[in-house]
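I have placed the structure first, in the form of C-alpha cells, so that the comments after it can refer back to it.
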Amino acid sequence: MKKDKKLPTITLLGQAASGKTNLLTAFLNHNPSWLDLEDGPDFVQNFSVSEMFTSGSEEERAFDYLRTHYASLLAGKEYLLEGTNAARRYGIKMSFHQPAQAKVQKSGWLGIPSLSSSAPAREEELEFSIVDGRGADAAPVEMIQSDDKDATARRQEYRDGMDDSSGFVLFMPLMSDDEGTKAAISQRFLGEITESLRRKREKLGTLPKLQRIALCFTKCERAFMNDGVYAAESATEMARYDGFFRGNAVLSTFRSLLAYSLKDDTFDMRVFPVSTYGFVRNSGSPNFYPWSKSPGLLTRAVDPIDDYAAEPIDDYAAEPIDVYDDIDLSKYKDHFPIALKDDQARSLWRPFNIAPPLLYALTGRITGPVSFSADRALAHISD
Ligand SMILES: Nc1nc2c(ncn2[C@@H]2O[C@H](COP(=O)(O)OP(=O)(O)O)[C@@H](O)[C@H]2O)c(=O)[nH]1
Ligand SMILES: [Mg+2]
C-alpha cells in the first residue's frame, strides 16, 4: 500500500471471533454483483474492488493469507488457520457507477413530492485503507490481557488505526453469548471509542474527525435457521429484527452513542444486520451448517479423500455422501454433506449485506437490503 499518501481509513472493531476478518476476506474475494451495493436508496452499480500493494510488502503477504483463509472456508478446513494476530492495514480501491439522482423533497403542498435538486451520473473511484486487528487488543480486559511489550505495541497500532479513521465498523454477533457478556464487551468498546473521540478532539486538525459508525450485527443468518428457503427474504424484513433488538444488551449499551449521533456536529450512526456466511444462492436457506464436529458453511466443498471419508467418492457425485460416521449427522443428511466442487461451493455462497456497512462508514451512502437509522434503533430499545 502506498505510504506516501494518507488514505481515508476505516477500522474494524469487535470482539475476537465476531467475524471481522471473514467479512473483509469475502468483501475482497467475492463476486462483485453479490455485494448488495446495488440495493438501497444510495445504490451504486458496476462496482469493482481490488487491493493495492507494493509487491512483496507485508500487506501483500497478509492479503495472501486472507485468500487462503477464504479458500479454506469453502473447503471446510478453517481449523487449519490462525486468528488475526496483529493490526493490519489493507489498501483497497473500489470503483463504481453512481446513477443520476433526483433528490425528492417530501414537504410539497398537499404532500405532493417536489423535485428539489438532482445530481448527474458519474463514475467514482475510492482509495482507502481498512484496519483489521486482534479483537482483544482493541478492547482489552484488564487482569486477563497481557501487559507485555508486544501486546502493548499491538494495542497501540490498533488505537492508532482508530485515531486515523473517519469511520468505525463495529461488529457484534446477533445471537450467541449471554446478555451479560455482550453488555460487558460492548462496554469495553464504548470505552475505546470514547477514548479515541477524546484524542481526536485533543488533536483537532491533526487527526481526522470521526464521521460515521456502522454497527453490524454479525452472523445474522443464524437468526433465520427456522425459515428454510424463506430465510434470505426474511432477513431483509425490518420487523423480523424486533425480537432481537428489543432489550438487546449491545444496543442498550450503545444507547448513549446512538443518541449522541443524533446531535448536530457529531458523527452519524447506522445499524446493519450482516452475514458473511449468508444464504445459499437460488435456494435462500441460511448457509450455515451446525455440525457439532465442525460448524461452518453448508455449502463447503467436500474433499472425497477427506479424513472424515471412509471411502473415496465418485468425482461426479451430486448426491449426499454417506461416509461420515457421526450419529449427529443423521438428522442433517437430507441436505449435507453434498459433494460440491470448489467452484460450485463458491458460486452457491452468497454473503448478506457485507459491503454496505463498509461503504456507509467510508462515504455515508446508504445501500443494501436492510439497515436501521439511529432513530429507529433507539425506538427499538425503548419499545
Ligand atoms: N455462522 C457464521 N459464522 C461466521 C460468520 N462469519 C464468520 N464466522 C465464523 O466466526 C469465526 C470467527 O470469524 P473471524 O472472521 O475470524 O472473526 P474475527 O476474530 O472477528 O476476525 C470463524 O469460525 C468464522 O468462520 C457468519 O456470517 N456466520
Ligand atoms: Mg480477525
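Values quoted throughout were computed directly from the atomic coordinates according to the rules given, and no laboratory measurement underlies them. Note that the coordinates shown come from a computational prediction; the quantities given were computed from them, not determined experimentally. Don't worry about glycine lacking a Cβ; one is built from the backbone with ideal geometry, like all the others, and counts go over all protein chains shown.
At-a-glance table
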item	result
Calculated FRET efficiency for the pair ASN85/ASP342, C-beta based, R₀ 25 Å, to 0.05	0.40
Out-of-range pairs (alpha-carbon distance over 25 Å; input LYS182/LYS219; LYS6/LYS149; LYS20/LYS209)	LYS6/LYS149
Computed FRET value (nearest 0.05) for SER55 with SER382, which takes r as the C-beta separation and R₀ as 45 Å	0.30
Highest to lowest packing among 274-286, 252-264, 217-229, scored as the average C-beta count within 10 Å	274-286, 217-229, 252-264
Residues ILE130, ILE193, ILE366, sorted so that the one with the fewest Cβ neighbours within 10 Å comes first	ILE366, ILE193, ILE130
Label-point separation in nm, GLN101 to SER373, each point 7 Å along Cα→Cβ	1.5
